[in-house]
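Below is one structure, written out as structure tokens; comments come after it.
The values are calculated or read from the model by the stated rules, or taken from the named source; none is laboratory data. Note that the coordinates shown come from a computational prediction; the quantities given were computed from them, not determined experimentally. Glycine gets a Cβ as well: all are built from the backbone with ideal geometry, and neighbour counts include every protein chain shown. Areas reflect the complete protein model, heavy atoms only, side chains present, ligands, DNA and RNA absent. Shrake-Rupley method; radii C 1.70, N 1.55, O 1.52, S 1.80 Å.
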Amino acid sequence: MAARDDFLLDSLIEMGYVTNEQLAPIREEADQTGEGVVDTLVARGILTPAVVAQAKAAHFGAEYVPLGEMRIPDEVLALVRRDVAKRFNVVPVRKEEHGLVVAMADPSDLDTLDGLQHTLNLEIIPAVATPEDIEAAIAKLYGVRDDSVSKMIQDITEGEVEIARIAGVQTDDGSTVEADAPIIKLVNTMIVEAFKMRASDIHLEPLDKRFRVRYRIDGMLHEMKSPPKRLQASIISRLKIMSNMSIAERRIPQDGRIQATVGNKTIDLRVSCLPTTHGESIVMRILDKEGLRLGLGELGFFSDDQQTFERLIGLPDGILLVTGPTGSGKTTTLYAVLNYINRPDRKIITVEDPVEYIMSGINQVQVNEAVGLTFATALRAMLRQAPNVIMLGEIRDLETATIAINASLTGHLVFSTLHTNDAPSAVTRLIDIGVKPFLVASSARALMAQRLVRKVCKKCGQPYQPLESELQALNIDAAQAAGATFRKGRGCAECNKTGYRGRMGIFEIFVIEDEVRKLIYDKVPATVLRARARELGMRTLREDGTRKVLAGLTTPEEVIRATAMDTD
């Protein structure tokens, strides 16, 4: 807002948003800084941009439009091209009989109105929205990426690109590309853009007639602007060279790593290349080192579960398993645990495949089956290094499980992961792969299942009332609902219009006590073990998720989606 917006003060006072008593010190401050009074009121937090926009609409007799809450039909968007919307900083709202309603920050800007009317050859009816809402709406409706990856794709599509040498390395056809070639810029921009959007993975998927690009953000895949199919081979060749793969080999899967710098941050990408029917598919996992510094509270534990978990990881020996499907945050939890217990008086060794993050003060071993360094052989060698704490990336077979359990029985604290749906099923899984029940009963200290749910965006989250069906699915009664703080994001630029930003864990902690050990020794079914665990106080994944819904941290639909198997 410019200083000329001070004419709005009378409207703001009449509407009750500001008082003359509040204005006196603000006028003095505005005189000293040279800023407008309205600008100063917004900067001090006395007014919000939305309130100022409403006052401006009232002053000019225009409509105020909350763009963040509106769904604009595609046929209306088609009336204003993206470059026109960006140039004039406007968003089309709806088509009326007498013209096009357009949201703009200043309805008195005659130059914009005349230019827009001349460009579109339509009668323009001005409406008012906040500058922030207009910027976010243009990004959402026309694609924020058009200034980067999409714009580059458009430039490449419109002009002929000759693929030659890539950074001094020849491609399959022997041609070459200079270091500033469009393909290199496109690939680099794609990586930077994905990192800035907080993506965890970049998926490049060759389909029959197109080359699809998707980013996984907060666990959900979002489709991006796709490069032309004819650039598929060039983009894949560039990525394979960056990750030290063979560009001549297209018949077998390959793995590699890329190290890139974004701003002042160095990021690592784990790259997987898989031959498919229509070409090679590449997935790049962006390894976020920030996750290493997470405290246990930041993982999503409530205070009571955190106290239980801290007690368990402070034990001198035994085995603690974290279970859940791929992508449920098990590795992040284990790294947070190691970070928590990493002290000079403890020797910690890990065996991983692959070692994703390098942690100071910890001995990390990379599995290399090609030379015979398997989980089992590494684990045997580790025991001769006299560690206090051992972390296994995953228990995959009987040999690894047996050595890990024996290590836990001989004075070592062992952490590992297992792929099971819930915590009690981990017992059944270990017995199924051949571990004797008495060994499981003697060594296990706790089993913890976890899932990830998206957190309500802090910036646009607002109170709301869930559907009755959602309350029933989560067993929330009227008394609980009355005292709850249900929240849901309406969508903003901060969360990419999803209403969610970031993820947190929901947990099911199964502490192994004497009565449970007897049940394990008797080889009771997982259903019996689960029922008894609940009687002893184990909170299920859905119940823990429900607590976080009641606290307004996530939404019922997120918990229901993440715990679809947990219906008891």
Open item on the list: Just to be sure before I move on: is SER360 at pLDDT 90 or above, within 26 Å of the chain's Cα centre (by Cα), under 30 Å from GLY297 (Cβ atoms) and small (Gly, Ala, Ser) in the structure I sent?
Closed with: no
Task: Single unsatisfied condition, GLY45 versus (1) without any contact (Cβ under 8 Å) to a residue 12 or more places away in the chain; (2) surrounded by 15 or more Cβ atoms within 10 Å (Cβ to Cβ) - done: (2)
TODO: Filter region 430-453 down to the residues that are open to solvent by 30 Å² or more (accessible area, probe 1.4 Å) and in a strand (DSSP E or B), then identify the one that is nearest to ARG487 (Cα to Cα).
DONE: LEU452
Open item on the list: Can you confirm whether ILE395 is over 25 Å from GLY361 (Cα atoms), of a type outside the set (S, T, N, Q) and touching a residue at least 24 places away in the same chain (Cβ under 8 Å)?
Closed with: no
TODO: Filter region 531-560 down to the residues that are open to solvent by less than 10 Å² (accessible area, probe 1.4 Å) and of a type in the set (A, V, I, L, M), then identify the one that is farthest from MET448 (Cα to Cα).
DONE: VAL549
Task: Condition broken by VAL213, with the remaining ones in (1) open to solvent by 20 Å² or more (accessible area, probe 1.4 Å); (2) not in a helix (DSSP H, G or I) satisfied - done: (1)
TODO: Kindly establish whether ASP31 is outside any strand (DSSP E or B), surrounded by fewer than 18 Cβ atoms within 10 Å (Cβ to Cβ), among the charged types (D, E, K, R) and at pLDDT 85 or above.
DONE: no
Task: Conditions (1) touching a residue at least 24 places away in the same chain (Cβ under 8 Å); (2) crowded, with 20+ Cβ neighbours inside 10 Å: number failed by LYS225 - done: (2)
Open item on the list: Being loosely packed, with under 14 Cβ neighbours inside 10 Å, modelled with pLDDT of 90 or more and not in a loop (DSSP other than H, G, I, E, B): is that true of VAL528 here?
Closed with: yes
- [ ] Would you point out the residue of region 411-429, among those that are of a type in the set (S, T, N, Q) and in a helix (DSSP H, G or I), that is farthest from TYR521 (Cα to Cα)?
- [x] SER425
Task: Residues (within 42 Å of the chain's Cα centre (by Cα) and closer than 21 Å to ALA58 by Cα) located in region 12-44 - done: LEU12, MET15, GLY16, TYR17, VAL18, GLY36, VAL37, VAL38, ASP39, THR40, LEU41, VAL42
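Every residue, every condition in (1) outside any strand (DSSP E or B); (2) touching a Leu at 6+ places or on another chain (Cβ under 7 Å), yes or no:
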site	(1), (2)
LYS240	yes, no
ASN244	yes, no
ARG250	yes, no
ASP255	no, no
ILE258	no, yes
VAL271	no, yes
LEU274	no, no
ILE282	no, yes
ARG285	no, yes
TODO: For region 394-405, name all the residues that are surrounded by fewer than 18 Cβ atoms within 10 Å (Cβ to Cβ) and of a type in the set (A, V, I, L, M).
DONE: LEU398
Open item on the list: Criterion first (among the polar types (S, T, N, Q), open to solvent by less than 20 Å² (accessible area, probe 1.4 Å) and on the phi < 0 side of the Ramachandran plot) does SER408 satisfy it?
Closed with: yes
- [ ] Test THR402 against the stated conditions and say whether it is closer than 23 Å to LEU379 by Cβ and free of Cβ contacts under 8 Å to residues at least 60 places away in the same chain.
- [x] yes
- [ ] Select, from LYS518, LYS523, the only residue that is within 23 Å of LEU320 (Cα to Cα) and in a loop (DSSP other than H, G, I, E, B).
- [x] LYS523
TODO: From the list LYS523, LYS497, pick out the single residue that is in contact (Cβ under 8 Å) with a residue 24 or more places away in the chain, closer than 29 Å to GLU132 by Cα and either surrounded by 20 or more Cβ atoms within 10 Å (Cβ to Cβ) or basic (Lys, Arg) (or both).
DONE: LYS497
Open item on the list: Among the residues in region 339-346, are any of a type outside the set (Lys, Arg), under 18 Å from ALA446 (Cα atoms) and touching a residue at least 24 places away in the same chain (Cβ under 8 Å)?
Closed with: yes
